[in-house]
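Participant: Here it is, the structure, as structure tokens.
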Amino acid sequence: MESSPTGRQSQPTTTIFIQDSNDIVRTAALAIMAVLLFYTGVVVTGVICSVACILSATSNKGLEVDTRARDYRIFTSVAGFKIGDWEPLPEAHSITMKFYAELFTSTRTTRVTLKDGRYIIMFSIPDSSQGVIIYQASTYKAAKHLTEALAQVLGIEAKIYNKFGQLE
């Protein structure tokens, strides 16, 4: 935290939401491969595999919001370095979470099935039929948690729709 001119600690202005953390299975597989490569004497490939293991273990994706500058960014972090462009926060009146799925119709059975179902989180813009999509989640729980936390940080309403389009 930084100090204000009065000597009191000021509140942090940046909030980070980690959305996708590293894949433990992939990291473990790379570590095992590196050990096996070193054991068999293939040092150069072992070093490359070790570096890939370290990068895999330290990578994640997230959303960062700077409330003072009114900016946000979707970032990828590798070894502590965040990569992602800052964009101005839109003048949103709420954060909306909705379920989205593409429908697939089989011509043989005439059966309609959901394909690629996911929850979309977006800034809802006043007087606009379109929002600004900021994240897509595969689970209801993860999407709801991010929607509520983001709305709280920004001080705006959270509108959460379930899989059937009903407002909760």
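The values are calculated or read from the model by the stated rules, or taken from the named source; none is laboratory data. This is a predicted model, so every value here is computed, not measured. Note that we place each Cβ from the backbone using ideal geometry, even for glycine, and neighbour counts take in every protein chain shown.
Participant: Residue 33 passes all but one of (1) of a type outside the set (Phe, Trp, Tyr); (2) closer than 30 Å to residue 14 by Cα; (3) in a helix (DSSP H, G or I); which number fails?
Facilitator: Status for residue 33: all satisfied but (2).
Participant: Sticking with this one: Output the qualifying pairs, or none if there are none: Cβ atoms under 9 angstrom, residues six or more apart or on different chains, first residue in the range 47-71 and assigned by TED's automatic domain parsing to the domain that holds residue 33 and without any contact (Cβ under 8 Å) to a residue 60 or more places away in the chain, second residue of a type in the set (Phe, Trp, Tyr) and assigned to a loop (DSSP other than H, G, I, E, B).
Facilitator: As it stands, the answer is 64/86; 66/86; 69/86; 71/86, since those pairs meet every condition given.
Participant: Also, I was wondering about something else. Check the range 102-115 and report whether any residue there is in a strand (DSSP E or B), without any contact (Cβ under 8 Å) to a residue 12 or more places away in the chain and assigned by TED's automatic domain parsing to the domain that holds residue 58.
Facilitator: Checked the range 102-115: no residue is in a strand (DSSP E or B), without any contact (Cβ under 8 Å) to a residue 12 or more places away in the chain and assigned by TED's automatic domain parsing to the domain that holds residue 58.
Participant: Also, quick follow-up: Out of curiosity, is residue 158 in contact with a helix residue (DSSP H, G or I) (Cβ under 9 Å, 6 or more places away or on another chain) and among the hydrophobic types (A, V, I, L, M, F, W, C)?
Facilitator: Taking the combined requirement at face value, the residue satisfies it.
Participant: From the set of residues in the range 136-166 that are small (Gly, Ala, Ser), at pLDDT below 90 and part of a loop (DSSP other than H, G, I, E, B), which is nearest to residue 66 (Cα to Cα)?
Facilitator: Among them, the one singled out is 138.
Participant: Looking only at the range 75-101, count every residue that is loosely packed, with under 15 Cβ neighbours inside 10 Å, in contact with a Phe, Trp or Tyr (Cβ under 8 Å, 6 or more places away or on another chain) and in a loop (DSSP other than H, G, I, E, B) and tell me the total.
Facilitator: Count: 1.
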